1. When a/c reaches 1.5 or more, the comparison of a/b and b/c decides; with that in mind, is the stretch 79-218 rounded, prolate or oblate per its Cα gyration tensor?
2. Quick one: Debye curve from the C-alpha atoms of the stretch 155-253, no solvent, what's log10 I(q)/I(0) at q = 0.14, 0.16, 0.20, 0.24 Å⁻¹?
3. Give, in nm to one decimal, the length gained when the segment between Gln50 and Glu240 is fully stretched (0.36 nm per residue of separation minus the Cα-Cα distance).
4. Give the shape of the stretch 8-98 as rounded, prolate or oblate, defined through the alpha-carbon gyration tensor: a ≥ b ≥ c are the square roots of its eigenvalues, a/c under 1.5 means rounded, and otherwise the shape is prolate if a/b is larger than b/c and oblate if not.
5. Counting helices only, and only those DSSP H runs with n ≥ 4, report the 222 nm mean residue ellipticity of the chain as the sum of -39,500 (n - 2.57) divided by its residues, in deg cm²/dmol to the nearest 500.
6. Using only the alpha carbons of the chain, determine the length spanned along each of the three principal axes and report them from longest to shortest in whole angstroms.
7. Which percent of the accessible area of the stretch 5-254 is formed by carbon and sulfur heavy atoms (probe 1.4 angstrom)?
8. Tell me the per residue accessible area of the chain using a 1.4 Å probe; a whole number in Å² is fine.
Amino acid sequence: MMHDVQSTAVDRFHLDDLPLEFKQRFEVVIDCLPDGQHLALPAVVARGTQPGKILLCVGAVHGDEYEGAIAIQDIYEELQTDAMQGSFLGIPVMNGPAFVGALREGVWDHLNLARVFPGSATGSPTLRIAHAFHQHLLPQADLLLDIHSGGNAYAIQHLSGYQLREGEVGRIQRQAAIAFGADVVWGTGGLPGRTLSSAGQLGIPAIYAEMRGEGRCRAGDLERAKQGIRNVLAYLGIIEGAYPAAPPSYLVEMPGPGTGHLQADHPSPTSGIFVPAVDVWDWVEAGQIIGQIRHPDGTVLAQVPSARSGRVLFLRTLPRVFAGDTVAFVLPVPKHPAEPVPG
Ligand SMILES: [Zn+2]
């Protein structure tokens, strides 16, 4: 069954102009495609009895990440506007041109949306999506929650995170990431081109979350994403409810440029078939074999030793690798949370 959807140009989409105690699905139009169809963002809006705070929650910035998209729809359905103060603005699928192809990058321009923020009003579709979001949607938010996953080719430990910032924005981000309720909270020095860096430019607090991925949308991951959104809504005072206020066992902050770059760690030394020897969140010692690269004739082409001691945060699950594809990211944390970080 299709829902009743209201179509609005992105530059005319203002939450403050919408009624209180109001729920509506929107098509937020950015541009026209060559066949006359819309380049657009789907949006769901639930407004409470008072203007209050606005949580902007987005999914599928990468087109092969599904958990956030469904979680946002389910949360929209369950929200009761007469029990809300403030608003929920959900964009279930940020990257439609990648989503339809079940790909990480856009099918038309092959760009990674999470590398091009704040985008360009005159560029290719991915750049236009980024620009419309940065220019018109993000400035309306009090907090951004961007839900990712391991996608088609990787599995990742369930976590929430943020780019480290000074002052009030940094304090809110840390609290909101803890409130999300993941077992691991990870603050990093940050990288440009992300929704989080766009929010940073605008001085808006922003967090992200990772669901397992592995080319799937598991019921358990969906529930974790939904509970995380509820917790962050409660943290902002938009809905009533308890949320975690104390840090989890692993609250890891790694200042410095590029510290959150998962796709740069442990590149495969050669092309072939990756056979992992570890699973996500396993503890590994420095030098321990993470996996082998095999030739289709069975030959072991290479062993991949861990560059450091820590826990496997991110692991290749699509076996076919090209030389240079990352096979794992090992997070330098102690085996037991109370111990010092390994050198
Ligand atoms: Zn992603």
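1. Details: a/c = 1.41, a/b = 1.19, b/c = 1.18.
Judged from the Cα gyration tensor, the stretch 79-218 comes out rounded (a/c under 1.5).
2. Those come out to -0.51, -0.67, -1.02, -1.32, one per q.
3. Result: 67.0 nm gained on full extension.
4. Working: a/c = 2.71, a/b = 1.47, b/c = 1.84.
Oblate is the answer for the stretch 8-98, as a/c is 1.5 or above yet b/c matches or exceeds a/b.
5. So the calculated ellipticity at 222 nm is -5500 deg cm²/dmol.
6. Computed over the Cα atoms, the extents are 63, 51, 36 Å.
7. On the way: 4640 of 9370 Å².
About 49 percent, which is the carbon plus sulfur part of the accessible surface.
8. Working: 14200 Å² over 343 residues.
Each residue of the chain exposes 41 Å² on average to a 1.4 Å probe.
The values are calculated or read from the model by the stated rules, or taken from the named source; none is laboratory data. Because the structure is a prediction, the values reported are computed rather than measured. Counting neighbours? That spans all protein chains shown, and the Cβs are built from the backbone with ideal geometry, glycine included. Just so you know, the surface numbers come from the protein's heavy atoms only, side chains and all, with ligands and any DNA or RNA stripped out. Shrake-Rupley method; radii C 1.70, N 1.55, O 1.52, S 1.80 Å.
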